[in-house]
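Take a look at the structure set out below.
The values are calculated or read from the model by the stated rules, or taken from the named source; none is laboratory data. Every value quoted in this text rests on a predicted model; they were computed, and no experiment measured them. Counting neighbours? That spans all protein chains shown, and the Cβs are built from the backbone with ideal geometry, glycine included. The area values use the complete protein model at the heavy-atom level, side chains included, leaving out ligands, DNA and RNA. Shrake-Rupley method; radii C 1.70, N 1.55, O 1.52, S 1.80 Å.
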Amino acid sequence: MKKSKFAKIEKKWQQKWEKGKIFESNISKKPKFFLTIPYPYVNGGPHVGHSFTNFRGDVYARFKRMNGFNVLYPQGFHATGQPIVGAIERLDKKDPVQISTFKLFGASDSDIKNFIKHGPEFTAKYWMKKWIQTLKKGGFSIDWRRSFITTTMTPTYSRFVEWQYNTLKKKGFVVQGTHPVIWCPHDQSPTGDHDRLEGEGESTIEYTILKFRLDSGEVLPCGTLRPETVYGATNLWVNPEVEYVKANVGKETWIISKQAAGKLADQLKKVKIIGKVRGYELMGKQVTNPVTRNKIMVLPASYVDPEAATGIVVSVPAHAPYDWVGLRDLQQNPDQIKKYGLNLDLVLKIKPISLIKVPGFGEFPAVELVEKMRITDQKDKMRLEKATSELYKAEFHKGVLNNLYENYAGKRISEIKEVLIEEFKKMNAIDSIWESTGRVVCRCMTVCHVKILENQWFLKYSDPEWKRLTKECISQMKFYPEEVRSQFLNTVDWLKDKACTRKGGLGTPLPWDRQWIVETLSDSTIYMAYYTLAKLIDQKNIPSKKLTDEVFDYIFSGRGNPIMISKNSKLSKEVLKKLRREFDYFYPVDLRNSGKDLVQHHLTFFIFHHVALFDKKYWPKSIGVNGFVNVSGTKMSKSKGNITPMDELIEKVGADLVRINVVADAEGMNDANWRDESLSGYESRILFLMKLAKDLKKTRRTSIQMVDKFLLSRINEMIKSSAGNYELMKFRSASQFSFFDSVNELKWYLERVGGIKNANRKILTEAISIVIRLVAPLLPHLAEEMNQIIGGKKLVSISDWPKMDEKKSDRKIMEMENVLKKTIDDITNVLKLAGKKEKLYLYFATDKELEYFNQSVDFIKKRFKFKKVSTFRNDDEKKYDPQNKSSKAKFGKPGIFLE
RNA sequence: GCAGGGGUACCCAAGUCCGGUCAAAGGGACAUGGCUUAGGACCAUGUGGCUUAGUGCCUUCGCCGGUUCAAAUCCGGCCUCCUGCACCA
């Protein structure tokens with residue numbers, strides 16, 4: 001692989017930075033600025049996808065450092081939970097995808113053997129080292145003394161998590177409860193989106209069970225999402241080919257599919273199977289409708305799926321396309337009726353019962369829709385599904401109940417559904433069963449169902465007071481871009497209680513119930529506070545057992561008696577006070593930057609936990625959010641094989657080019673796009689600046705001209721516009737001003753003065769030195785290099801941001817230069833229309849323009865290769881003006897005559 | 001389904017909050033000319049249409065409609081793309 005031409009330069013400056021310890025941040029008199037980005041999960045190395053968030057963090061850190069802040073920019077590493085454990089399991093099974101992913105990031109065969117041999121913690125630490133190597137190569141301005149890896153691998157950090165949860169529990173924000181989850185009966189664990197072979201995005205939903213009863217007292221429970229249609233039930237459907245079971249459910253005996261029995265057993269019901277019933281045995285039996293008390297019949301339907309709900313279905317043919325088609329099929333098939341020994345007359349007598357009036361439909365919407373869509377039989381599942389969802393939606397939102405409902409006639413379904421369910425409950429007519437919204441298959445190939453977990457621990461995000469505090473914090477925060485604020489507020493509103501513990505994977509056990517481990521998103525909400533302590537904890541080699549809850553309470557709040565606490569914890573009073581001082585100096589978090597996908601969970605949790613655990617003065621100050629990184633316009637993913645490791649990229653094109661190519665590509669919530677073809681544009685401009693810096697010694701002129709003042713004016717403008725955009729994390733705009741516009745101004749200046757020799761050394765040096773500092777956050781290594789070339793002694797990384805000098809920013813000169821540029825455009829235009837000319841005559845309306853242009857005659861002459869250029873006031877009597885062009889002259893627009 | 005953010009010329013993208021100065025910054029890409037032994041790099045010009053000695057006009061900013069002397073920008077409706085939706089990092 002070809003190495004970047006900047007590699008040597010970058011290495012050189014990285015070493016100087018490290019030697020000078022300039023990014024190590026200690027308590028000082030300067031104002032501090034504390035920023036963090038999420039710690040990466042270490043089951044692989046960094047790739048371009050990480051680069052956006054990471055580099056944005058570093059650019060901002062560098063910008064703030066140059067603006068007089070004592071910047072703390074630390075970096076930790078994350079290894080809580082299942083993924084790294086899963087990765088090792090896959091390696092063990094020789095999974096080629098996992099092996100190639102690790103190899104992509106630079107692991108060798110022997111590394112991989114070691115991963116399997118030494119397990120997840122070893123592997124996580126291996127990748128942490130890789131990350132640090134790459135970040136150093138990228139020139140990140142991180143204080144490495146504060147790094148750590150979660151959670152139990154750093155016992156002191158684990159202790160910190162324990163303090164966090166003990167405290168949350170004391171405040172009532174951690175509670176125990178039950179909760180439905182999608183569950184794999186084989187793995188005996190919840191099946192999250194990422195663990196699914198099939199059914200990503202499916203969630204849990206509660207079906208109502210309508211308890212129809214046989215005369216014998218046994219229950220035929222029907223699962224439905226529309227219990228309100230029970231009034232229109234004409235029959236039940238049972239699949240004659242399926243073997244059902246008879247089971248004691250609570251105090252009743254239910255006939256249900258075998259699968260349903262399994263589900264109910266996982267849903268807090270006592271289920272005991274006591275026998276079997278063949279579907280066909282139920283045909284023709286009479287059951288009593290639990291609400292209307294009407295008697296209806298059990299009929300056969302092949303579409304009834306034993307996997308779905310109870311495996312028994314209530315038929316409402318007027319409003320359910322499936323039911324109508326089932327009924328129609330049966331009525332047109334006397335053989336079938338005979339086969340199951342049903343009474344032909346009774347079957348033929350069944351008619352749909354109309355319940356709901358929907359605009360656009362008559363009495364029996366399902367019948368109409370089936371005919372309209374030409375659904376031929378119950379095997380036509382595609383069209384039946386479509387008809388069902390269409391009709392259900394229409395009826396739910398626009399449907400109105402008819403007179404069958406007595407008290408509720410005329411009401412909309414959407415407003416009456418819950419009321420009816422309550423009523424049915426009181427009648428002991430219903431029960432419920434949980435289902436997933438669609439089929440979910442676990443990675444282990446097992447079909448999943450819903451389990452109701454008991455004794456799960458929850459973070460009580462639903463707590464109104466907690467929500468209120470969080471919103472109060474949000475209202476005081478800054479957001480970059482400001483648009484995400486409403487997203488945070490919305491998230492706070494809809495956030496419900498969240499399970500915060502798990503049974504498997506790496507992590508910190510819940511201190512009071514150690515069978516549970518604090519789950520990853522829940523142990524990573526306030527760890528920024530740990531950065532402020534990490535350095536001292538390492539240096540003083542403080543054991544975790546000395547970090548008692550009392551100690552943490554004192555450090556984070558300042559409350560408590562240090563002498564007593566020191567005595568109890570055996571932590572020296574001096575160290576205790578030092579820890580407190582570190583925290584108090586660096587906290588709060590001034591900026592947290594992250595990808596936009598984290599807004600709805602991590603970043604919101606981050607705020608929740610801070611307001612719960614810390615005093616107001618330690619609440620976070622701002623959040624920055626950015627988009628993702630696409631590669632050449634397509635989303636990055638393992639399956640597309642377009643994951644580009646950051647390391648490789650830095651080797652190939654250099655850290656600064658990678659940095660600017662990502663960071664300056666998009667701002668706001670937009671996704672950045674890695675494009676190789678953009679690199680040459682950056683590179684050629686960088687090389688131009690480098691050459692200019694080297695060429696400074698060739699400058700000869702000492703007099704000051706208008707052009708010089710113009711250059712300084714423009715560069716001064718750039719200071720302001722760059723800074724404003726850097727401040728708002730709008731790095732694309734910042735690069736526009738600091739880099740592209742500045743380079744264009746410098747190029748224009750060189751052309752105006754007629755080459756480097758005719759440039760004014762003092763002016764040009766000043767301009768370049770400003771530009772170097774303006775681009776330094778984006779191109780830190782190359783800025784250092786250029787600064788050295790022009791004789792700068794101090795490291796740019798810790799230099800002051802250039803000051804905007806109002807006196808040097810001369811509006812009038814910029815206006816004049818604009819007149820000149822416009823005039824040049826006009827001359828170009830005329831030449832194009834009129835053909836080649838040799839002499840130019842310009843007529844000005846003001847002396848000022850005349851004077852300005854007189855200093856630029858050589859430039860104009862050279863540019864158009866004129867033999868002669870003459871300038872006049874428009875009222876000059878001695879002027880040469882055969883076509884009276886001087887009459888066209890206005891301020892800002894001189895008259896032009898060419899011949 | 002719920003919530004949030006988008007759709008601007010060949011491509012990326014600024015402009016939208018605070019209507020006119022917007023045929024619409026900047027960057028790519030392409031074309032022509034210059035420079036060069038050649039290639040690259042660099043410089044100039046051009047990239048909706050017609051017109052013109054430096055001008056003027058018409059059409060254009062997802063689609064349809066509205067407000068206004070005036071709309072990429074304000075209002076209403078529609079189409080469409082992206083992100084998240086929980087025990088998963």
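Answer yes or no: is there a residue in the range A:468-480 that is touching a Gly at 6+ places or on another chain (Cβ under 9 Å) and open to solvent by less than 50 Å² (accessible area, probe 1.4 Å).
Yes.
Condition first: in a loop (DSSP other than H, G, I, E, B), open to solvent by 30 Å² or more (accessible area, probe 1.4 Å) and either more than 14 Å from RNA strand B (Cβ to nearest atom) or without any contact (Cβ under 8 Å) to a residue 24 or more places away in the chain (or both). Now tell me which residues in the range A:74-104 satisfy that.
Once the filter is applied, which keeps residues that are in a loop (DSSP other than H, G, I, E, B), open to solvent by 30 Å² or more (accessible area, probe 1.4 Å) and either more than 14 Å from RNA strand B (Cβ to nearest atom) or without any contact (Cβ under 8 Å) to a residue 24 or more places away in the chain (or both), the range A:74-104 yields A:LYS93, A:LYS94, A:ASP95.
If you scan the range A:433-452, which residues turn out to be under 22 Å from A:VAL175 (Cβ atoms) and surrounded by fewer than 16 Cβ atoms within 10 Å (Cβ to Cβ)?
none
Looking only at helices (runs of 4 or more DSSP H) that fall completely inside the range A:628-736, which ones have 3 or more residues that are within 10 Å of RNA strand B (Cβ to nearest atom)?
Answer list for the range A:628-736: A:679-695, A:731-735.
Among the numbered criteria (1) closer than 20 Å to A:LEU782 by Cβ; (2) open to solvent by less than 10 Å² (accessible area, probe 1.4 Å), which single criterion is violated by A:ALA666?
In the conditions (1) closer than 20 Å to A:LEU782 by Cβ; (2) open to solvent by less than 10 Å² (accessible area, probe 1.4 Å), A:ALA666 misses (1) alone.
With the condition kept exactly as written, say whether any residue in the range A:792-808 is within 9 Å of RNA strand B (Cβ to nearest atom), without any contact (Cβ under 8 Å) to a residue 60 or more places away in the chain, within 26 Å of A:GLU745 (Cα to Cα) and open to solvent by less than 40 Å² (accessible area, probe 1.4 Å).
Scanning the range A:792-808 turns up no residue that is within 9 Å of RNA strand B (Cβ to nearest atom), without any contact (Cβ under 8 Å) to a residue 60 or more places away in the chain, within 26 Å of A:GLU745 (Cα to Cα) and open to solvent by less than 40 Å² (accessible area, probe 1.4 Å).
Can you find even one residue in the range A:493-500 that is within 18 Å of the chain's Cα centre (by Cα) and more than 17 Å from A:LYS170 (Cα to Cα)?
Yes - at least one qualifying residue is present in the range A:493-500.
For the range A:863-880, which residues satisfy the criterion of being open to solvent by 40 Å² or more (accessible area, probe 1.4 Å) and assigned to a strand (DSSP E or B)?
The answer is A:LYS868, A:ARG873.
Which condition number in (1) assigned to a strand (DSSP E or B); (2) out of contact with any Phe, Trp or Tyr (no Cβ under 7 Å at 6 or more places or on another chain) is the one that A:ILE255 fails?
So the condition that A:ILE255 fails would be (2).
For the range A:351-358, does any single residue satisfy the condition of being farther than 16 Å from A:THR229 by Cβ, surrounded by 17 or more Cβ atoms within 10 Å (Cβ to Cβ) and charged (D, E, K, R)?
Looking through the range A:351-358, none of the residues is farther than 16 Å from A:THR229 by Cβ, surrounded by 17 or more Cβ atoms within 10 Å (Cβ to Cβ) and charged (D, E, K, R).
Out of A:SER594, A:SER622, A:SER632, I need the residue that is open to solvent by 10 Å² or more (accessible area, probe 1.4 Å) and of a type in the set (Gly, Ala, Ser). Which one?
A:SER632
Hey, could you check the range A:719-747 for residues that are in contact with a Pro (Cβ under 9 Å, 6 or more places away or on another chain) and not small (Gly, Ala, Ser) and say which is farthest from A:VAL662 (Cα to Cα)?
A:ILE719
Could you tell me which of the residues A:GLU162, A:GLU206, A:GLU200 is open to solvent by 10 Å² or more (accessible area, probe 1.4 Å) and either among the aromatic types (Phe, Trp, Tyr) or assigned to a loop (DSSP other than H, G, I, E, B) (or both)?
A:GLU200
Output the number of the condition that A:LEU225 fails; it satisfies all remaining conditions of (1) closer than 26 Å to A:GLU422 by Cβ; (2) open to solvent by less than 50 Å² (accessible area, probe 1.4 Å); (3) within 16 Å of RNA strand B (Cβ to nearest atom).
(2)
Show me the helices (runs of 4 or more DSSP H) found entirely inside the range A:742-800 where at least 3 residues are closer than 21 Å to A:ILE824 by Cβ and under 39 Å from the mean Cα position of the chain (by Cα).
A:742-753
Please state which one of A:SER475, A:SER486 is away from RNA strand B (no atom under 16 Å from the Cβ) and of a type in the set (S, T, N, Q).
Sole residue among the options that is away from RNA strand B (no atom under 16 Å from the Cβ) and of a type in the set (S, T, N, Q): A:SER475.
Given the structure, is A:LEU579 farther than 30 Å from A:ALA783 by Cα, of a type in the set (A, V, I, L, M) and crowded, with 23+ Cβ neighbours inside 10 Å?
yes
Name the residue, out of A:PHE710, A:PHE739, that is aromatic (Phe, Trp, Tyr) and either modelled with pLDDT under 90 or over 34 Å from the mean Cα position of the chain (by Cα) (or both).
After applying the criteria, what remains is A:PHE710.
Within the range A:561-573, can one find any residue that is touching a residue at least 12 places away in the same chain (Cβ under 8 Å), open to solvent by 70 Å² or more (accessible area, probe 1.4 Å) and in contact with a helix residue (DSSP H, G or I) (Cβ under 8 Å, 6 or more places away or on another chain)?
The answer is yes, given that some residue of the range A:561-573 is touching a residue at least 12 places away in the same chain (Cβ under 8 Å), open to solvent by 70 Å² or more (accessible area, probe 1.4 Å) and in contact with a helix residue (DSSP H, G or I) (Cβ under 8 Å, 6 or more places away or on another chain).
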